[in-house]
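Encoded as structure tokens, the structure appears first; notes follow it.
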Amino acid sequence: MAYKEILCSREGAVCFLTLNNPAKINALSKQMVGEITGALTSVSTDESVKVVVIKAAGKHFCSGHDLKEMTGSGAKKNKAIFDNCTRMMRLMHEIPQPVITQVQGIATAAGCQLVAWSDLTVAEENARFATPGVKIGLFCSTPGAAIVRAVGRKRALEMLLTGRYFSAQEAKEMGLVNRVVPHDDLDNETGKLAFQIAEASRYVLALGKQGFYAQVDQTDDAAFDCAANTIVRNLSAEDAQIGITAFLEKTEPKWVDR
């Protein structure tokens, strides 16, 4: 498929999706959202892909929605924009592959939502995160839904109500970011994480991700029931038996999908 605002490449079992409109700070235009949705949908059924990395061209990760598309456009068109963005965000959790965001520069508004909703995030030490909509009369409601689930109510509301920029270190401390690395090491460190994850069985990664999100917002009892059902399914898988046998025999497992 030909893309205009993203790039899609492969390295082994890792798929790299690159936001590729740096002149607009990789704003999530209708075009870009549609292309990311299409790419994630395609990757979801590709059994040779174990991990997805979403990164960006240029100095910055993503400035959020393209506000020019929302001026004087009317409620119907605006609803379509956010419905399509929500569909894209949901896909990040629904696809079987873990999704890592790689962040340099700024990640603001819906760009910060991408970070919050991804499974893991690696950021360079000068990266900054914000939901600045409140400053222009547009409260970042949809980013807030993702951010509160990553960092909790108090920190999410501080971001949403002040609109200020949070440093990469602050973002790590509050749980929005997993790793902070020097700028020059960003590609390498993200790749190392992605390829480390890709060493596991694709089936187990997919089942584990699905099971994690199924239980994470449940009550304690429901979460344990859900987790127990997941691990029973996991034990029935061929790769689980291969892995357990290899562990007991002190050998390297050879997954079915490798």
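The table that follows gives values for the structure above.
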{"read-out": "Computed lengthening from residue 154 to residue 7, 0.36 nm per intervening residue step minus Cα-Cα distance", "value": "49.3 nm"}
{"read-out": "DSSP-defined beta bridges in region 6-197 - what % are antiparallel, rounded to 5", "value": "30"}
{"read-out": "Pairwise FRET efficiency - residue 228 versus residue 250, Cβ, R0 = 25 Å, nearest 0.05", "value": "0.30"}
{"read-out": "Largest-first principal axis extents of the Cα set of region 202-249 (Å)", "value": "38, 19, 14"}
{"read-out": "Estimated [θ] at 222 nm from DSSP helical runs (n ≥ 4, -39500 (n - 2.57)) normalised by residues in the chain, nearest 500", "value": "-15500 deg cm²/dmol"}
{"read-out": "Translational diffusion coefficient (Stokes-Einstein; Kirkwood radius from C-alpha pairs) of the chain at 4 °C, 1.567 mPa s, in µm²/s", "value": "67"}
{"read-out": "Total charge dipole magnitude, the chain, about the Cα centre, Cβ charges on Lys, Arg, Asp, Glu only, Debye to nearest 20", "value": "1020"}
{"read-out": "Loop-located GluC sites (Glu not before Pro) in region 1-97, at most 14 other Cβ atoms within 10 Å (DSSP)", "value": "47"}
{"read-out": "Full-extension gain in nm, residue 41 to residue 192, via 0.36 nm per residue minus C-alpha separation", "value": "51.9 nm"}
{"read-out": "Cross-link table 4/172; 30/172; 24/55; 24/77; 4/135; 59/172, entries beyond 23 Å C-alpha to C-alpha", "value": "4/172; 30/172; 4/135"}
{"read-out": "Ranked list, fewest to most other Cβ atoms within 10 Å of each Cβ, for 112, 226, 140, 62", "value": "226, 140, 62, 112"}
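Taken together, the values in this text are just the output of simple stated rules run on the coordinates, not laboratory data. Every value quoted in this text rests on a predicted model; they were computed, and no experiment measured them. Cβ sites come from the backbone with ideal geometry, for glycine too, and all protein chains shown count toward neighbours.
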